[in-house]
Amino acid sequence: MAQPGDIISYNEMCLEVGYSLQRGMNFQVGGEVSVILMSLRKGAPYADRIENNGDVLIYEGHDVPKNESANPKTVNQPMVLPSGRLTQNGKFFQAAEGYKNGRSPELVKVYEKIKDGIWVYNGVFELIDSWIEKSKSEARNVFKFKLHVTDRSIDQKNKRVEELKDIGHNRLIPTSVKLEVWKRDNGKCIQCGSADNLHFDHILPFSKGGTSLRADNIQLLCARHNLQKSSHII
């Protein structure tokens, strides 16, 4: 079961959620877990961003399919399909409205693409708000979704589970920091040189005053050495 900061392939990500992820927004896939795929890379198709030292993700909704418009970036992001059913935007929007009306927040697994073929599991977030705004770069309406890091978890069967854990490990590490660390550590565990089962590790844990915002507090460890380190942290 992936932990926040784990580096995985696309196939491993699909195996983790038990679903072939063909789109960026996936509401309750298989009737259970919700998943979003994000990217903060230069040239990314949507204006996602992180706020509040990695506590908050602002995620942009998705456009109409390319086969429905010559230029999807000129069309308002849709709430409903031509059939009248909700789009993924609509489903996530409805869930956020439900939270604001007193229902439990939707739990969402968040995966981030940092390089071609390289994904990072950013952890579980609660969907707590949504709105529609005018795009700053295009004359159209786009959806925005606000997700907050949570101390809840989702088990390996993707069931919704309330489970206390170290929330500090869930702080989103900025993409620029991840890329700097990846380059500095040559995409390998600094302890043994393994390029498999890697993890972005906080040298000084967030809960003990460490930061997610600087590369000098982040390192690449393989699963074995990450586990060994965790077992020695009091």
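The values are calculated or read from the model by the stated rules, or taken from the named source; none is laboratory data. Remember, it's a predicted structure, so these values are computed and weren't measured experimentally. For neighbour counting, all protein chains shown are included, and Cβ atoms are generated from backbone atoms with ideal geometry for every residue, glycine included. In case anyone asks, the SASA skips ligands and DNA or RNA and just uses the protein heavy atoms, side chains included. Shrake-Rupley method; radii C 1.70, N 1.55, O 1.52, S 1.80 Å.
Side notes on the structure shown:
- Ranking 19, 39, 213 by how far each Cα lies toward the positive end of the dipole of the chain (charges on Cβ) leaves 39 at the top.
- Full extension of the chain segment joining residue 176 with residue 22 gains 52.9 nm, where the gain is 0.36 nm per residue of separation less the Cα-Cα distance.
- Contact order normalised by residue count of the chain, Cα under 8 Å, 6+ apart, percent: 20 percent
- Calculated accessible area for region 1-133 comes out at 48 Å² per residue, all protein chains present (probe 1.4 Å; ligands, DNA, RNA ignored).
- Only protein heavy atoms count here; under a 1.4 Å probe, residue 211 has an accessible surface of about 30 Å².
- Region 13-67 and region 125-142 have their alpha-carbon centroids 14 Å apart.
- Measuring from each cysteine beta-carbon in the chain, the ones with no other cysteine beta-carbon under 4.7 angstrom are 14, 192.
- Cα shape, region 92-155, gyration tensor, a/c 1.5 rule: oblate
- Computed E for residue 139/residue 15 - FRET, C-beta separation, R0 41 angstrom, nearest 0.05: 0.50
- Charged-residue dipole, Cβ positions (Lys, Arg, Asp, Glu), the chain about Cα centre, Debye nearest 20: 360 debye
- Annotation for residue 132 and residue 191: the two label points, set 7 Å from Cα along the Cα-Cβ direction, are 5.1 nm apart.
- Choice from 172, 127, 213 showing the highest fluctuation, given a GNM over the chain with Cα pairs closer than 10 Å: 213
- Over 24 Å between alpha carbons, listed pairs 42/73; 91/178; 113/144; 109/134; 42/100; 66/136: 91/178; 109/134; 42/100
- Solvent-accessible area of residue 10 with every protein chain in place, 1.4 Å probe, in Å² to the nearest 10: 80 Å²
- Computed across region 7-133, the Kirkwood radius stands at 15.5 Å (inverse of mean 1/r, all Cα pairs).
- Proximity of backbone amide H atoms, modeled 1.01 Å from N, is registered between residue 123 and 5, 110 at under 5 Å, excluding neighbours fewer than 5 places apart on the same chain.
- Antiparallel DSSP beta bridges within the chain, percent to nearest 5: 90 percent
- When the surface is traced with a 1.4 Å probe over the full set of protein chains, residue 182 keeps roughly 50 Å² accessible.
- Positive-end residue, the chain charge dipole about Cα centroid, Cβ charges, pick of 105, 147, 2: 147
- Evaluated at q = 0.11, 0.12 Å⁻¹: base-10 log I(q)/I(0), Debye formula over Cα of the chain: -0.57, -0.68
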